[in-house]
1. Take the Cβ-Cβ distance between Asp36 and Asp100 as r, set R0 to 35 Å, and report the resulting FRET efficiency rounded to the nearest 0.05.
2. With respect to the cross-link table entries Lys34/Lys124; Lys34/Lys141; Lys55/Lys120; Lys34/Lys153; Lys34/Lys120, which display a Cα-Cα separation exceeding 30 Å?
3. Between Thr161 and Glu203, what is the label-point separation in nm under the 7 Å Cα-to-beta-carbon projection?
4. Fully extended, how many nm does the chain gain between Asp43 and Asp117 (0.36 nm per residue separation, minus their Cα-Cα distance)?
Amino acid sequence: MDLVNNAIEYVVQPAINGLGPLSSARELAEEYLKDDGYASKTDMVNSLINWESTKNFSTGFVSSLGGLLTLPAGVAGDLYASWVIQARMSAAIAYIYGYDLTEDRTKTFVLATILGDGMKDLLKGLAVDFAGRGAKNLIMKGISGATLRAINKAVGVKLFTKAGEKGVINLIKVIPVVSGFIGGGIDVAYCQSVGSAAKYIFER
């Protein structure tokens, strides 16, 4: 259950700082900010989401190959790699839109975006309403530490539950090559969902 209580430490912080071959979220964002070929930050972010989603496909494909023979390692490795890639993408989006990646509230909402489409329901359940961008920015500036901790724990619980769900999904992937494409395709779609959630939270 450490993931429930320490999701920021295990997922978001490595994504922000960089992990293995992955550069830091800030370095990733700077690559796009230095490119004069984008007409707007929205175009920049859309391109980033599409590119990071292809990385997520590769992660899902490699870890899913082998079907049941590699299931125990594949589930843990696939999920963790996907979460870090998605959190890094979300943190880079936050940085592009001008947010400070050292602030606790930024890290909390980077973590929340990993839930993709489920993020809004979770936040509403905690009485965090982002109806309208003006209100959204005010809430992010004035949100309490207690609320941030509640969000962190709630997201950790969701991720912990999702780990079990992913294991069940992988049980049906018994044909190695086909299972690779299924796993990769799911990861791409989910990464796109995380990107949309990050834009919803951070876009100014």
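1. On the way: r = 25 Å, r/R0 = 0.70.
Once the sixth-power term is evaluated, E becomes 0.90.
2. On the way: Lys34/Lys124 36 Å; Lys34/Lys141 28 Å; Lys55/Lys120 25 Å; Lys34/Lys153 36 Å; Lys34/Lys120 32 Å.
As for pairs spanning more than 30 Å Cα to Cα, those are Lys34/Lys124; Lys34/Lys153; Lys34/Lys120.
3. 2.8 nm
4. Details: separation 74, 0.36 × 74 = 26.64 nm, distance 2.11 nm.
Roughly 24.5 nm would be gained on extension.
We did not get these values from a lab; they are worked out from the coordinates using the rules stated. These numbers were taken from a predicted model, which means no experiment stands behind them. Note that each Cβ is placed from the backbone with ideal geometry, even for glycine, and that neighbours are counted across all protein chains shown.
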